[in-house]
Amino acid sequence: MVEWDSLLAYATTRIVKIRDKRLGLLYYFFLFVIFLYIVGWTLLYQKRYLHLENPVGSIRLSLLAPEHRPIPEKRSPASQIPYCLQNSTTYRNFSNYNCTYWDEMFVTFPVTEDHDMLIATRYTSISQSLHNNCSLLDHECEYVDDSPAETFYIADIEKFTLMVEHTMYAPSMNKVRNGEDLSGELLDCRGQVVPMPYPNSLGKDNSSTGDVFEISKLLSAACVDLDDLSDAPPRYQSKSKRDLGIVLIAFITYSNTFSFNYNNFKYTYRVQWVKDTKFKSEQPIYTKSLDKRVVWDRHGIRIIVLQTGMLGKFDFQVLLLTVQSSWFQV
């Protein structure tokens with residue numbers, strides 16, 4: 001005979017009520033700690049109810065000599081610039097070169113680039129011609145130097161200004177922002193905010209269409225001095241960073257998670273010096289024919305601008321998953 005009671009039996013939870021103030025106090029204390037962890041730490045502080053994404057965008061860089069600013073500034077005479085040969089033969093134990101007053105059209109090569117730019121600090125001019133007027137159809141034909149190379153420093157390159165025009169786009173949020181509409185700041189290598197007096201300007205406080213930095217301000221933010229010893233290999237050559245060139249990476253970091261108003265965006269700049277590097281670019285200049293040419297060998301500051309950051313918006317599904325995973329962790 002079938003025992004229906006056994007066949008239809010089911011399990012249930014038995015609740016025991018413990019009447020002990022010490023255990024009760026400990027029990028509710030741990031519940032309170034769990035509540036603080038999930039609500040206070042995970043949700044309010046870490047804001048893990050947000051759907052996060054990386055922004056994308058576009059950048060345009062342009063350079064301007066100090067004498068071409070809206071309020072022009074004259075460069076110092078070469079006789080007053082310590083690294084110029086017109087002033088002295090050496091500076092900080094490095095050989096000086098004659099200084100020349102190139103403007104932005106000569107200092108940058110190529111003139112227009114998107115996310116990076118070469119800002120020349122030194123160039124060498126080399127005059128060349130075809131050896132014995134040979135033909136370039138001859139496999140042994142080559143260019144030879146006509147005279148010793150001449151090397152020059154660019155006078156007061158630190159006074160040039162770099163303008164960065166940038167746009168940020170968050171695809172899932174469908175948000176587009178121009179840099180001039182946002183609040184921005186420049187941080188130095190120690191994480192401190194760098195003051196931005198004229199001609200420097202950033203974001204909403206900017207009277208131009210982009211962020212404007214003096215080269216000296218970017219170098220200071222990266223904690224770099226062009227007249228220090230270069231660490232680029234080979235190290236035995238004992239030349240300055242101004243002579244060999246350097247590489248800087250400027251990170252633009254966007255954020256809207258610093259407050260609970262996720263329509264409020266801001267950005268910060270951090271400039272990182274890439275150690276053990278130098279940079280050069282060679283440009284051949286031909287005049288009337290291919291028989292003769294002048295090669296400009298530029299060394300200088302290679303600056304690369306990268307857009308990064310984390311943007312968020314409220315997402316109920318993310319909130320549920322965060323609460324569930326946080327509860328099972330404890």
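The values are calculated or read from the model by the stated rules, or taken from the named source; none is laboratory data. As the structure is a prediction and not an experimental result, all values here were calculated from the model. Here the Cβ positions follow ideal geometry from the backbone for every residue, glycine too, while neighbour counts run over all protein chains shown. Keep in mind that these areas ignore ligands, DNA and RNA; they rest on the heavy atoms of the full protein, side chains included. Shrake-Rupley method; radii C 1.70, N 1.55, O 1.52, S 1.80 Å.
List of remarks:
- In the range 294-326, the qualifying residues are those that are more than 23 Å from Tyr254 (Cα to Cα) and open to solvent by 80 Å² or more (accessible area, probe 1.4 Å), and the one that is modelled with the lowest pLDDT is Gln324.
- So Leu61, is it within 30 Å of Tyr254 (Cβ to Cβ), among the aliphatic types (A, V, I, L, M) and at pLDDT 85 or above: yes
- Flag if Ser127 is closer than 30 Å to His51 by Cα, touching a residue at least 24 places away in the same chain (Cβ under 8 Å) and open to solvent by 30 Å² or more (accessible area, probe 1.4 Å): no
Every residue, every condition in (1) over 15 Å from the mean Cα position of the chain (by Cα); (2) at pLDDT 95 or above; (3) at negative phi, yes or no:
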residue: Lys159; (1), (2), (3): yes, yes, yes
residue: Asn174; (1), (2), (3): yes, no, no
residue: Arg177; (1), (2), (3): yes, no, yes
residue: Leu182; (1), (2), (3): yes, no, yes
residue: Leu187; (1), (2), (3): no, yes, yes
residue: Pro199; (1), (2), (3): yes, no, yes
residue: Leu202; (1), (2), (3): no, no, yes
residue: Asn206; (1), (2), (3): yes, no, yes
residue: Thr209; (1), (2), (3): yes, no, yes
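- Residues within the range 259-288 that are open to solvent by less than 50 Å² (accessible area, probe 1.4 Å), under 25 Å from Thr151 (Cβ atoms) and touching a helix residue (DSSP H, G or I) at 6+ places or on another chain (Cβ under 7 Å), tallied: 0
- Boolean, Asp291 is modelled with pLDDT under 95, within 30 Å of Glu53 (Cβ to Cβ) and out of contact with any Gly (no Cβ under 8 Å at 6 or more places or on another chain): no
- Some residue of the range 105-115 being in contact with a strand residue (DSSP E or B) (Cβ under 8 Å, 6 or more places away or on another chain), surrounded by 15 or more Cβ atoms within 10 Å (Cβ to Cβ), over 16 Å from Val295 (Cα atoms) and in contact (Cβ under 8 Å) with a residue 24 or more places away in the chain: yes
- Looking at Gln283, Gln272, just one residue is farther than 30 Å from His51 by Cβ and in contact (Cβ under 8 Å) with a residue 24 or more places away in the chain, and that residue is Gln283.
- Residue pairs meeting the criteria (Cβ under 6 Å; at least 6 apart or on separate chains; first closer than 16 Å to Phe258 by Cα, in the range 28-44; second part of a helix (DSSP H, G or I) and open to solvent by 70 Å² or more (accessible area, probe 1.4 Å)): none
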